[in-house]
Amino acid sequence: MIGFSYLRRFQLINLSLQKTGTKSVAGIFGNYRAAHEFQHEAATEALSAYKSGELNENEVRAYLATRDAVGQLEVDSASFNAWFAEQYVDLFPGARFLIVLRHPIEWLDSVLTHIQRDVFHTAQTDQPYPDRFKRQAELVVSSFSPEVFLDEEQLIKALPEISKGLLVHWQERNTHLIDTVPVDRRLVLRTDRLSSSLPQLAQFVGVSAKNLIADQSHLHRKPDHPTALNKYNVKIDTGDALETWQTWQNTVFSSQDTANST
């Protein structure tokens, strides 16, 4: 039984990767029914089961439909949403989609620093690294082991391979999002320009920019201490990520600005 049903004024699903501003997007829409990482544990369990074949297509779609009915969110901003783009596009024909892209090296550094911080925190509190975080990481880097981040010597040796896997994920997943979501239903923004894109974001969902909360546009700021890539002088194979980023500057962002300027 779902219970009380709200009238949704709009539906915006943020498909962006983690560390691109997913928490900030939920905060910006704090005057609406917005949530960050809604049902994170259940969703990552469903995602892991779907990828392993334990859940079939119909079953995962049923879960996503139920999750939506329970939350009745106007803004659904979650890092795992990126894995369900095809399902969301079909399941919610009236929804609009946000894709926030971050420079690949800045994104990589932020992800590595975030993982290292979480691993250290759980170790200090004698708590195991949360399974839901580990499952999500293993979808990107199959050999992911949180223990590596506790030993600097092991981490320095492992960083090139971990970084390569993360950058491949950054490129493949973002490319899939851009190719999957119809251009008339998506808005593509840059993380470093999120705060200046509020009018465009408001227009995209059909609300007044005055109703958006500007001071929520950067809730996760860079840490004061050295980040992972700055701390460890390790050579990283960036693959095609930097070239892809540059290409998007001349295609995805510019065309999106034009498509949503009216």
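From the list Arg193, Arg185, Arg221, the one residue that fits, being modelled with pLDDT of 95 or more, under 21 Å from the mean Cα position of the chain (by Cα) and at negative phi, is Arg185.
Residues in the range 35-63 that are touching a residue at least 24 places away in the same chain (Cβ under 8 Å) and of a type in the set (Gly, Ala, Ser) were compared, and the one that is nearest to Thr22 (Cα to Cα) is Ala35. Would you confirm, using the coordinates I've provided, whether Ser255 is modelled with pLDDT of 85 or more, under 22 Å from Ile99 (Cα atoms), touching a strand residue (DSSP E or B) at 6+ places or on another chain (Cβ under 9 Å) and part of a helix (DSSP H, G or I)? So Ser255 does not fit the description; no.
Of everything in the range 92-134 that is of a type in the set (Lys, Arg) and within 28 Å of Ser195 (Cβ to Cβ), the residue that is surrounded by the most Cβ atoms within 10 Å (Cβ to Cβ) is Arg102. Of the residues Glu54, Glu59, the single one that is more than 21 Å from the chain's Cα centre (by Cα), part of a helix (DSSP H, G or I) and among the charged types (D, E, K, R) is Glu59.
The values are calculated or read from the model by the stated rules, or taken from the named source; none is laboratory data. Since we're looking at a predicted model, the values are computed, not measured. So basically every Cβ, Gly included, is an ideal-geometry build from the backbone, and we count neighbours across all protein chains shown.
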